Every structure is written in C-alpha cells, then in structure tokens.
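Step one of this worksheet: look at the structure below.
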Amino acid sequence: MSKIEKALNKAREERGNLQLVPVAGARPVPGTALVTNRVAHPETIPRMAKNEVRLLSVGDLAQRGVIQSQQGEDPAVQVFRDLRTKIVQQSQGQNAVILVTSVSQGCGSSFIAQNLGAAFAFDMGKTALLIDCNLKTPSVHKLLANASAPGLTEYFENPDLDIKEIIHPVGIARYRVITAGKRREIIEEYFTSEKMKHLMDTLRRRYQERFIIMDGPPMSKIADIRILSDLADWVLVVARYARSTNTQIANCLDAISEKKQIGIVFNEEPRFPRIR
Amino acid sequence: MLPEQIAKALITESFHSRRLVVGIFVIVNAATLTAGLLWPKAYTASTSILVDERTIIQPLMAGAAVATDALDRSKNAREVIFGRRIMDLVLEYGGWLKSKPSEEAERLTEEIKKRTVISTVGKNILRIEYRDDDPQRALRVTEKFAELFIQESIAAKAAESGAAFAFIEKQTQDYQDKLTRTEEELKELRSSNLDVRAGSEGEVTTRLNDLHRRIEAAAQELREAEIKETSLERQISGEAESTAAISREGQYRTRIGELQSKLDTLRLSYRDTHPDIVQVKQQIQDLTDGINAQRVRREQTKRSGPSEPDESVVNNPIYQQLRREQSQNQSTIEALTARIAELQRQLQNEVSRGKRMHSGDARLAELTRDYQINRDIYQDLLRRRENARVSMNMDSDHQGLTFKIQEPVSLLQSIVGPRFLHFAVGGILLGVLIPLGLLYARLQFDPRIRIGSAIAVAHKLPIATVVPHLWSRRELKGLRWELVLLTLVVLATIAASAAVSAMRFIKVL
C-alpha cells in the first residue's frame with residue numbers, strides 16, 4: 001500500500017469524526033476546508049438536528065440497499081465515496097445538482113442515486129437531498145416509514161404546500177428526500193413548469209453544503225431526461241452489466257449536453273464478495 | 001481486447017452465470033459418461049509375420065535368382081489381404097455371412113478393412129492388427145488373415161516366377177528364330193556374291209588406279225606419236241618441194257656458171273657480137289629464165305599444197321628416211337589406240353565390279369550387325385531363362401520366400417480405442433471448456449456490455465465508476481448456500497464420474 005493510499009484511508013476513517021466548518025459568507029472549498037474540531041454527535045448541522053427522525057440501524061440500511069459509513073472496506077462503499085469525491089472536484093467547491101439516469105429500465109439508477117446521496121451524507125460538512133423524479137416508477141418513498149408522505153406531485157398540484165413539507169428525513173444523518181408523490185401519467189408539464197424551476201433554485205440556493213441528487217427516469221423517457229438535464233449541473237448515466245448496449249448508451253449520451261456528462265456508471269458488475 | 005481483459009471478463013462472467021456454468025458442467029459430464037458406457041468395446045488381436053528372403057539357398061544362387069522386390073512390403077500386404085478373395089474367406093470364416101445377408105458383404109468388408117491395421121516393424125516383420133468387439137472373433141480373424149496372407153503370398157510369388165519364366169522362354173524362342181533367319185540370309189548373300197569378300201574393295205581401287213594410270217600413259221604416248229606424225233608429214237612434204245626446186249635451180253646455176261666462164265673466155269677472143277658469144281649469152285638467158293620459172297613454180301607449189309613428188313624427190317635419201325619413220329610412227333599410233341581402247345574396256349569392267357561390291361558390302365554389314373545383336377540378346381536371354389527357371393523352381397519348392405509367424409496371434413491386454421477413462425476425464429475437461437467457450441462466444445457476439453473499459457473506448461467518455469453488486473446480508477447468506485450447493489454439485493459430478501469409471505474398471509458395468 002502506497003503512502004498516498006495510507007493517507008487517504010486514514011483521512012477516510014477520520015472523516016466520520018471531523019467537521020468541515022463553513023466560513024460565514026464564503027463558500028467552502030472542498031479539499032481545502034479547514035478541519036477544526038472533533039464532535040461527538042454525527043448530526044453536526046444544527047438546523048437539521050431538530051427535525052431528524054430516529055436514525056436507521058445498520059440492519060435497516062442494509063435491508064434498504066443503502067451503504068453505510070461503517071462498511072468502509074466494502075468495495076461498493078468505496079466506489080460511492082470515490083464517485084462523490086469526483087463530483088465534488090468537478091463542482092469546484094460549489095454544491096451541485098446531479099441527475100442520475102439509466103440507459104434503460106432496470107439499470108439501477110435509483111440505487112446509484114440513493115447511495116450517492118448516502119455517500120454525500122457521510123461527509124459531516126455536506127448534506128444530501130434526493131429527489132425522486134421518476135414519477136412513473138418511483139422508489140425513493142421506500143426509504144420512508146410513511147410511504148404516502150407528500151412528494152413532488154403534491155407540491156405541483158397543491159399551491160399551498162410549502163417546500164419544507166415535502167422534504168423528509170429518512171433516518172440517515174444529513175440525508176433528506178423528496179418523494180415522487182402520487183403517481184401521475186403525464187409528468188412532462190411538471191418538470192417544465194416554473195414551479196419546478198423555482199423549487200430547484202430554492203433547494204440549491206438555500207444551503208451551500210446541500211448536494212441535490214435527482215433520481216431520473218430511464219432513457220426511454222427521453223423528453224423527461226432532456227428537461228431534467230437542463231435543471232442539473234451534472235448528469236450520471238447508469239449502464240448495467242450484461243444488460244445495456246452501446247447503442248442504448250450512445251442514444252442516451254446524445255440527449256445530454258456534453259458539458260454536463262460527468263461519466264458513465266457501470267453498475268452491478270459481478271464480483272465475488274467477501275464472505276465472512 | 002487484451003488477453004488479461006478477456007480472462008478477467010471470463011472470470012466475471014463465469015461468476016455471473018455460475019448456475020449455467022455448473023449446469024453445463026453436469027450435463028456435459030452426464031453426456032460423456034453415457035457415451036462412454038454406450039461406446040462399443042473393442043478388442044485388438046495382433047500377430048507378426050517374419051518375411052524371410054535371405055534363405056540359405058539365396059547366397060548360393062546369388063546373381064542367378066532374382067528376389068521379389070521387397071519395397072513397401074506393408075502396401076503389398078495390404079493389397080493382398082484386402083483383396084476380394086481373402087476378404088470373402090474372412091467374411092465366411094468370421095461368421096458374418098451367417099448372421100447377415102450377403103447383400104451387406106460389401107459394407108462388412110469395408111468395416112473389417114477399417115478395423116484392420118497392417119504395418120511393418122523393422123524391415124522384414126509384418127504386423128497385422130484386427131479390432132473387434134468380440135475378443136474370440138478378433139483372435140480367429142487375425143489368425144486367418146495371417147494364414148491366408150502367407151498362402152496367397154507364396155502362391156503369388158510362384159505365379160509371378162512362372163509367368164516371368166514363360167515370358168523369357170517365349171522371348172528366347174523369338175530371338176532364336178531371328179538369329180536363324182539372319183544366318184540364312186548371310187549365307188545366301190555370300191554365295192550370290194562370291195567376289196564380295198573382305199578386302200575386295202581395296203583391290204578394286206588399286207586396279208582402277210592402275211588402269212587409270214596406264215590409260216593416261218598410253219594417251220600421252222598417243223599424243224606424242226600424233227605430234228610426231230604431224231611433224232613427219234610436214235617434213236616429208238617440205239623436203240620434196242625443196243629438193244626438187246633446189247636440184248633444178250642448182251643445175252641451172254651450175255650451167256650458167258659454166259657458160260659464164262665460157263663467155264668470159266670467148267670475150268677475151270671475140271666481140272660480143274660474135275655468134276658464139278651471142279649463143280652463149282642466149283643460153284645464159286635461157287638458163288636464168290629457167291631458174292625464174294623454177295622459182296615461180298616453187299612458190300606456186302607452196303600455195304597450192306604438196307603434190308606428188310617427182311622421182312628426184314622420191315629418190316632423195318632423207319625423204320626416204322622420213323617416209324620410213326612416218327610409217328613406223330603410224331604403226332605406233334595404231335597400237336596405242338588399240339591399247340587405250342582395251343584399257344578403257346577393262347576400266348569399265350572394274351567400275352561395274354566396284355559398284356556391285358558396294359551394294360553387297362552394305363547388305364553384308366547390315367546382316368552381320370543384325371546377326372551380332374540378335375546373337376548377344378539371344379545369349380543374354382538364355383542366361384536369364386536359366387535364372388528364371390531357377391527362381392521358379394525355388395518358388396515352387398518354397399525356397400525363395402519364407403514366412404514365419406514371429407509372434408503368434410494374441411489379444412492386446414488393454415481395450416483399444418477411446419477407453420472409459422478417456423470419456424470420464426474428457427467429460428470433466430469439456431465440462432469446463434464448453435461453458436468457458438460459450439461464455440467467450442457470448443462476450444464476443446452479445447452486444448450487451450460486460451467490460452466497463454469497452455464503454456469508455458466506444459463513447460470517448462470516462463467511466464465515472466464501476467459499481468459492484470452491493471450484497472445484503474440475506475443475499476450473502478443465499479450466495480454462501482448457493483456456492484456450497486454448486487460446489488457440492490460439481491464434486492458430486494466428479495465423484496459420480498470417478499465411481500462409474502471405477503465400476504467399469506472392475507467390470508461391474
């Protein structure tokens with residue numbers, strides 16, 4: 001193991017106990033953030049502490065297919081940490097809106113989006129907000145105890161509904177979600193509406209440490225992807241082992257602006273696990 | 001794709017399709033074991049025959065008897081054994097024709113040929129191997145093959161020698177006839193041309209040369225005699241004329257002289273008018289006229305040709321001598337002419353004789369050449385005929401080529417052909433290789449992506465990350481059981497294969 005790798009591992013271990021303190025009036029610069037003091041409680045962002053629900057246990061997270069910081073040696077966890085670092089570097093210290101879409105149905109874009117959010121939430125200086133934009137086959141609500149909690153469709157259809165009413169904690173520190181809400185067939189209008197734009201602007205500007213992850217529909221809904229990619233800073237395209245073809249990937253990439261393409265996530269590569 | 005990438009992709013894909021891989025492994029093993037059990041057993045019997053041509057007699061007969069060409073003995077043996085006669089006998093002996101109708105004889109023959117291997121070991125040992133599912137029949141058929149091969153070979157050798165002898169015998173007879181004919185022709189030619197003998201040609205040439213020389217000498221003499229004749233003639237005519245003219249003029253001049261003396265004497269005494277002087281003068285004048293007349297006459301004679309000489313001339317001794325010589329010369333000319341004619345006749349005779357000799361010589365040379373060639377060939381054939389006779393006698397007495405069973409017919413200890421163990425081991429190997437091959441084919445031809453780096457190459461976009469499957473505890477537990485089960489299935493398959501092999505080995509199956 002090289003010195004750099006050792007240092008990285010050490011930093012990774014320590015990150016759970018370190019706080020990145022944002023400087024008032026200035027945006028924190030990733031990688032150069034000042035490490036100040038150690039904290040005992042994992043929830044270090046005070047505004048979130050008051051409405052945090054009971055944190056999910058390791059078993060609950062595993063059941064929901066969400067990575068945990070305790071599984072530091074798990075290759076999947078490391079992969080998501082690396083992906084997070086890559087995005088943070090690309091964003092140059094700014095928070096970012098990341099659209100995660102798959103080249104076809106069943107490629108696991110929701111899994112990637114949920115765990116990418118979890119990876120952001122590992123970092124005590126950052127928060128993650130996952131928005132379920134896959135209104136036809138939503139999945140984010142499964143993270144919640146109350147699956148019928150109001151989500152995007154309710155927000156669009158009910159003018160009185162405030163943004164904070166659709167943001168729900170999921171039992172993971174610094175991790176919030178907006179579910180898809182009730183199912184609707186025609187959804188393009190929602191994403192093109194001013195309200196959607198307003199929602200995204202608000203969410204992005206409100207907290208500088210908040211990284212917003214949009215769990216988008218698969219590429220078969222190409223119009224949705226075009227609209228959603230306009231709202232996002234970066235787009236991650238998810239292809240799945242032994243399912244996606246080059247043609248599908250090419251079609252998907254054609255629909256997305258090259259500037260926003262951060263890369264392709266090759267999901268579900270079979271690897272022999274560590275069986276203890 | 002790099003080999004490392006292919007290997008990694010194959011491992012990944014094998015894990016991904018582990019149930020399929022194990023399934024194929026089991027199916028392939030089951031199939032090969034079944035094939036191994038159903039595969040007909042085959043027993044091979046073999047025998048070796050020592051083909052000995054170096055018998056004790058052979059060195060004694062070296063150069064006299066010709067050994068059969070031993071090149072590619074196995075090929076010859078194959079032709080003999082696979083011949084219709086032996087194959088028919090073997091079919092009958094092996095009992096095939098009893099169980100199956102004779103229409104299938106052709107197919108059975110081909111099958112037997114395929115199961116029979118004929119090879120040579122070293123220079124003189126011929127090995128016959130025959131494979132059959134019935135060990136007893138394998139033994140019997142191999143034995144029969146060896147026996148029939150020996151019989152057939154000896155018979156073939158004897159027949160070959162006999163045919164060779166018959167052929168040489170016929171050739172000898174032909175050449176004997178030719179030789180006799182040539183001898184007769186020679187005799188006839190010699191009797192019809194007696195002067196045609198060795199050296200005749202040189203003799204004729206000498207004779208011809210002699211005749212030519214003699215003819216030339218005679219011709220030369222003749223030419224000389226003729227020239228002499230011409231000369232004599234000219235001399236004779238010239239002598240006559242000059243003698244006649246000169247004698248008369250001389251007389252006239254003598255007389256004139258005398259008269260001139262007399263005139264001179266008279267003038268001493270008399271004047272010119274004296275009658276004596278006048279008379280003398282008249283006489284002188286007459287004589288002078290006479291001389292002139294003679295001169296004119298001579299000139300005229302010269303112009304008009306010779307004329308019969310007059311008596312005075314004839315009485316001239318020189319003239320007479322010339323006439324004698326001329327007469328002699330004419331006799332010589334006649335003699336020479338006659339001689340030349342005779343020599344010419346002889347020359348003609350010699351030339352015709354020479355021509356006759358030439359044609360006779362050519363024919364003689366031809367006949368002599370034919371005779372010599374035929375005689376040489378005939379002598380050679382006589383020698384060969386005796387050699388062939390010896391070879392034939394040796395073969396008929398089985399002395400030329402002997403066959404000895406070097407190694408009696410025996411059944412090979414192990415079963416030949418693919419053995420059950422081959423099927424068992426092959427099944428395990430194929431059970432591994434076939435799934436890997438199928439997975440490789442899938443990697444090559446399935447458009448669905450299995451190698452992450454291939455995406456980056458195809459779309460010129462970096463792979464953000466490759467996410468492995470996140471195993472939940474339940475999944476891990478299930479995987480653990482699944483892997484244990486699959487391992488057990490593989491082990492059970494291998495154990496089954498080994499067990500069936502063992503049972504087969506101890507002949508339970």
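Overview of results
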{"quantity": "Residue within the range B:360-380 that is closer than 30 Å to B:Ile215 by Cβ, charged (D, E, K, R) and without any contact (Cβ under 8 Å) to a residue 40 or more places away in the chain present", "calculated": "no"}
{"quantity": "Tally of residues being at positive phi and more than 10 Å from chain B (Cβ to nearest Cβ) across the range A:63-120", "calculated": "3"}
{"quantity": "From B:Glu143, B:Glu160, residue being assigned to a helix (DSSP H, G or I) and within 38 Å of the chain's Cα centre (by Cα)", "calculated": "B:Glu160"}
{"quantity": "The range A:233-255, subset of a type in the set (D, E, K, R), crowded, with 19+ Cβ neighbours inside 10 Å and more than 7 Å from chain B (Cβ to nearest Cβ), residue nearest to the chain's Cα centre (by Cα)", "calculated": "A:Asp233"}
{"quantity": "Residue check for A:Ile262: of a type in the set (Val, Ile, Thr), within 14 Å of chain B (Cβ to nearest Cβ), buried (at least 16 other Cβ atoms within 10 Å of the Cβ) and not in a loop (DSSP other than H, G, I, E, B)", "calculated": "yes"}
{"quantity": "Strands (runs of 3 or more DSSP E) contained entirely in the range A:160-219, each with at least 2 residues that are in contact with a Leu (Cβ under 9 Å, 6 or more places away or on another chain) and without any contact (Cβ under 8 Å) to a residue 40 or more places away in the chain", "calculated": "A:167-169"}
{"quantity": "Residue in the range B:191-202 that is modelled with pLDDT under 85, at positive phi, outside any helix (DSSP H, G or I) and loosely packed, with under 14 Cβ neighbours inside 10 Å present", "calculated": "yes"}
{"quantity": "Any hit, the range B:266-281, residues being within 60 Å of the chain's Cα centre (by Cα), part of a helix (DSSP H, G or I) and at pLDDT 85 or above", "calculated": "no"}
{"quantity": "Conditions (1) assigned to a helix (DSSP H, G or I); (2) under 26 Å from B:Pro468 (Cα atoms); (3) out of contact with any strand residue (DSSP E or B) (no Cβ under 9 Å at 6 or more places or on another chain); (4) more than 8 Å from chain B (Cβ to nearest Cβ): number failed by A:Ile225", "calculated": "(3)"}
{"quantity": "Qualifying residue in the range B:413-425 (condition: within 27 Å of B:Gln5 (Cβ to Cβ) and either within 14 Å of another protein chain (Cβ to nearest Cβ) or at pLDDT 90 or above (or both))", "calculated": "no"}
{"quantity": "Among (1) part of a helix (DSSP H, G or I); (2) away from every other protein chain (no Cβ under 14 Å), the one test that B:Leu443 misses", "calculated": "(2)"}
{"quantity": "Residue check for B:Lys477: exposed (fewer than 13 other Cβ atoms within 10 Å of the Cβ) and either within 14 Å of another protein chain (Cβ to nearest Cβ) or among the small types (Gly, Ala, Ser) (or both)", "calculated": "yes"}
{"quantity": "Residue within the range B:449-467 that is in a helix (DSSP H, G or I), more than 10 Å from every other protein chain (Cβ to nearest Cβ) and either touching a residue at least 24 places away in the same chain (Cβ under 8 Å) or farther than 30 Å from A:Ile112 by Cβ (or both) present", "calculated": "no"}
{"quantity": "Unique match (being exposed (fewer than 15 other Cβ atoms within 10 Å of the Cβ) and small (Gly, Ala, Ser)) among B:Ala155, B:Ala146", "calculated": "B:Ala155"}
{"quantity": "Spans of helices (runs of 4 or more DSSP H) in the range A:54-133 with at least 2 residues among the basic types (Lys, Arg)", "calculated": "A:75-91"}
{"quantity": "In the range A:168-199, the residues that are of a type in the set (A, V, I, L, M) and surrounded by fewer than 19 Cβ atoms within 10 Å (Cβ to Cβ)", "calculated": "A:Ile186"}
{"quantity": "So B:Gln330, is it more than 30 Å from B:Leu194 (Cα to Cα) and touching a residue at least 12 places away in the same chain (Cβ under 8 Å)", "calculated": "yes"}
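The values are calculated or read from the model by the stated rules, or taken from the named source; none is laboratory data. Quick caveat, the model's predicted, so the values are computed rather than measured. All Cβ positions, glycine included, derive from the backbone under ideal geometry; neighbour counts span all protein chains shown.
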